[in-house]
Each structure stands twice: as C-alpha cells, then as structure tokens.
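Trainee: Below is a structure I'd like to ask you about.
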Amino acid sequence: MSLRLTLSTYVTAFTLLFLMQIAHAGPDDPSKFDPVQYGAQKILYDWNYPTPEAGLRALGFVRNHIKALQEFGDLEKSDIVIVAHGNDLHAFSRLNKAAYPEAYSAFKELTDLGVKIHVCRNAARSRGYGPEDFYDVMTVVPAAVIDIAKWENEGYSYMYAELFPKITREEILEKHPEINLSQ
C-alpha cells in the first residue's frame, strides 16, 4: 500500500507540474531555439527563375544551406546539386560576363565548396546557347527533367526555392504602429 501511495503521489506531482507548465505558457512567452545537429544531406535545387538577376539572387538559398550545414550538419559528406533551366541561364553563360560580372565568382565560390551546377541543354538551346557557352564550373546535361528525375531517384531532397521580397520588422512596425504601443 505504501509503495502504491508513493507511486501515485509521484504521478500526481508530475501531472500537476506538467499542467502548471502548460498553464503558464502564453502568447508573450518566447520561442525556444533547438540547435539540432543534422547529418549529411543530399539536396537537389531546381533552378528555374524568370530573370538572370533572380537566378543570381537565389544563390543565397544555397549559401544559407551551406552555412547551416557547416554549423549544424555535415557539409563534407553532403552533396548539393543545382539543375538550372530557366531565364537564369543568361547569367550562367560566359558570353554574358560583361552584363553579370559577379556571376562567375559566385558560381566558383559554391563549386569550390562541392556544389554541382548542371545546365539544361534544351533550355540553353531554346535561349540561343550551345553547351560550350557556359562557365567551366558547370556541366551541361541533356535535359533538366531527366536530370532532376535522376537525382530524385538517388534519394536527393527536392528544393524549389522561390524568391519573395523581404519584409523587415521595421517595415511591419511602420505599417502597424499599434505594435509599438503594445510593447
């Protein structure tokens, strides 16, 4: 009987502590950061942007992915592939380096970290380029659709990173002055 009472007392105390924790949580409580350690990753980025500038800006997604892997994962054992087949290809072509002078160094930075950049020959041809018209850090493949399927069949996680304008907290405060009053 004494053992049951003790066990029952522990269960009751634990339940009360749990309920008190729930009761104290609310909209003014901060979120928690979980520094999860991720293992190696196999990532496939589908690059199909409406403008060359958008394709170059989107390289930031890959840079952020690499930074996250460096801090919380295993970059050395990870594999990242970009398959490009949109209007971004104009910035991928060495024929346009005068228009996009920063492009090559951005691509080189990523490929030096192990990123593979594939260019769709069909998309290139439809935009007036041959396989030899792209930077040396890229590989031209027959078609993006078959290349994307290949990587997915090998277990790569599919990523389609879409660009949206960034809205800062300052812009939200400007639009909603009532937030400042409640802080």
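The values are calculated or read from the model by the stated rules, or taken from the named source; none is laboratory data. Since the structure is predicted, the reported quantities are computational estimates derived from the model, not experimental observations. Neighbour counts are summed over all protein chains in view; Cβ atoms, including those assigned to glycine, are modelled from backbone coordinates with ideal geometry.
Trainee: Restricting the search to the stretch 85-104, which residues are without any contact (Cβ under 8 Å) to a residue 40 or more places away in the chain, under 16 Å from Glu53 (Cβ atoms) and surrounded by fewer than 16 Cβ atoms within 10 Å (Cβ to Cβ)?
Mentor: Lys97, Ala98, Pro101
Trainee: Hey, another quick one. Quick check on the stretch 137-147. Is at least one of its residues in contact (Cβ under 8 Å) with a residue 24 or more places away in the chain, touching a Leu at 6+ places or on another chain (Cβ under 7 Å) and on the phi < 0 side of the Ramachandran plot?
Mentor: No, the conditions are met nowhere in the stretch 137-147.
Trainee: Can you tell me which residues in the stretch 130-141 are of a type in the set (A, V, I, L, M) and either exposed (fewer than 15 other Cβ atoms within 10 Å of the Cβ) or assigned to a strand (DSSP E or B) (or both)?
Mentor: Met138, Val140, Val141
Trainee: Search the stretch 38-84 for residues being touching a strand residue (DSSP E or B) at 6+ places or on another chain (Cβ under 6 Å) and of a type in the set (Val, Ile, Thr), and hand back the single one that is surrounded by the fewest Cβ atoms within 10 Å (Cβ to Cβ).
Mentor: The extreme case among them is Ile43.
Trainee: Among the residues in the stretch 158-172, are any of a type in the set (Asp, Glu) and farther than 27 Å from Gly39 by Cβ?
Mentor: yes
Trainee: Can you tell me which of Asp112, Asp79, Asp74 is touching a residue at least 40 places away in the same chain (Cβ under 8 Å) and charged (D, E, K, R)?
Mentor: Testing whether each residue is touching a residue at least 40 places away in the same chain (Cβ under 8 Å) and charged (D, E, K, R) leaves just Asp79.
Trainee: Sticking with this structure for a sec: Quickly run through the stretch 142-169 and pick out the residues that are at pLDDT 85 or above, surrounded by fewer than 10 Cβ atoms within 10 Å (Cβ to Cβ) and part of a helix (DSSP H, G or I).
Mentor: Selection gives Asn153 alone.
Trainee: Additional query: When the residues of the stretch 117-129 are filtered to those that are closer than 18 Å to Ala103 by Cβ and either assigned to a helix (DSSP H, G or I) or among the small types (Gly, Ala, Ser) (or both), which remaining residue is farthest from the chain's Cα centre (by Cα)?
Mentor: Top of the filtered list is Gly128.
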